[in-house]
1. Roughly what would the spin-label model give for A135 and E37, points 7 Å off Cα along C-beta, in nm?
2. Per residue, how many Å² of accessible area does the stretch 1-70 show with a 1.4 Å probe?
3. Assuming 0.36 nm per residue, please report the length gained on full extension of the stretch Q3 to N124 beyond their Cα-Cα distance.
4. Hey, can you grab everything whose amide H is under 5 Å from the amide H of A140? Only 5+ residues off in sequence or another chain; H modelled, so Pro and N-termini drop out.
5. Based on the Cβ-Cβ distance of A80 and R57, what FRET efficiency does E = 1/(1 + (r/R0)^6) give at R0 = 30 Å, to the nearest 0.05?
6. How large is ³J(HN,Hα), in whole Hz, for each residue of the stretch 15-24 in order, when computed from phi with the Karplus curve 6.51 cos²θ - 1.76 cosθ + 1.60 and θ = phi - 60°, using x for Gly and Pro?
7. Assuming 0.36 nm per residue, please report the length gained on full extension of the stretch E93 to R148 beyond their Cα-Cα distance.
8. Name the shape class, rounded, prolate or oblate, that the alpha-carbon gyration tensor gives for the stretch 1-91, where a ≥ b ≥ c are the square roots of its eigenvalues, rounded holds for a/c under 1.5, and otherwise prolate holds if a/b is larger than b/c and oblate otherwise.
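The values are calculated or read from the model by the stated rules, or taken from the named source; none is laboratory data. Remember, predicted model here, so these are calculated numbers, not experimental data. We place every Cβ from the backbone using ideal geometry, glycine too, and count neighbours over all the protein chains shown. Protein only, heavy atoms only, side chains kept; ligands, DNA and RNA dropped before computing areas. Shrake-Rupley method; radii C 1.70, N 1.55, O 1.52, S 1.80 Å.
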Amino acid sequence: SDQEPYDLRNSVREALAMMAPQLGKMSVSISSTLPSEPVIVEADSLRIEQIIVNLLRNAIDAVRGREDRKIKILLVEGEAVLLSIEDNGAGLEDADQLFEPFHTTKKPGEGLGLGLAISAGFANEMGGRLVARNAPDGGAVFELMLPRGSLSTRAAE
């Protein structure tokens, strides 16, 4: 796959732009906290966008029944890069099984359980991982962890 160093903030912005119509239609309040400096990862940018779009779709589904629909996006860079997407929906019943192919809590025809399994697979291929847990105050948190990249990798080869 085409793994090149690039700024992960761009993927978040692209994914949000792609999902803007759905978010607007359902009046979901989105707060995204992105660092002021570039967050460099070495990954396939299209796949990363697919993962983020998938997670946003999931979050939108999760808040569908709420009056106050909120999705929080947080991007932080530490030892690794962490992108978390939190919703204020009902939370996850069985976070462990979420990433198994075809596992879905939706009714038939309401989307595929495949999305998360594929997203988790993509993350693993890029040396990262995708985990899910319940937020302390209800709702679900999906965390995409990726190794940090450096723009100097190419030049050094």
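1. The modelled label-to-label distance comes out at 2.8 nm.
2. 53 Å²
3. 42.2 nm
4. Under 5 Å from the amide H of A140 lie the amide H atoms of D87, G89, G91, A135, each far enough along the sequence or on another chain.
5. Values: r = 24 Å, r/R0 = 0.81.
Efficiency computed from Cβ-Cβ geometry: 0.80.
6. Values per residue, Gly and Pro as x: 4, 5, 5, 5, 8, 3, x, 5, 5, x Hz.
7. Full extension of this stretch gives 16.7 nm more.
8. prolate
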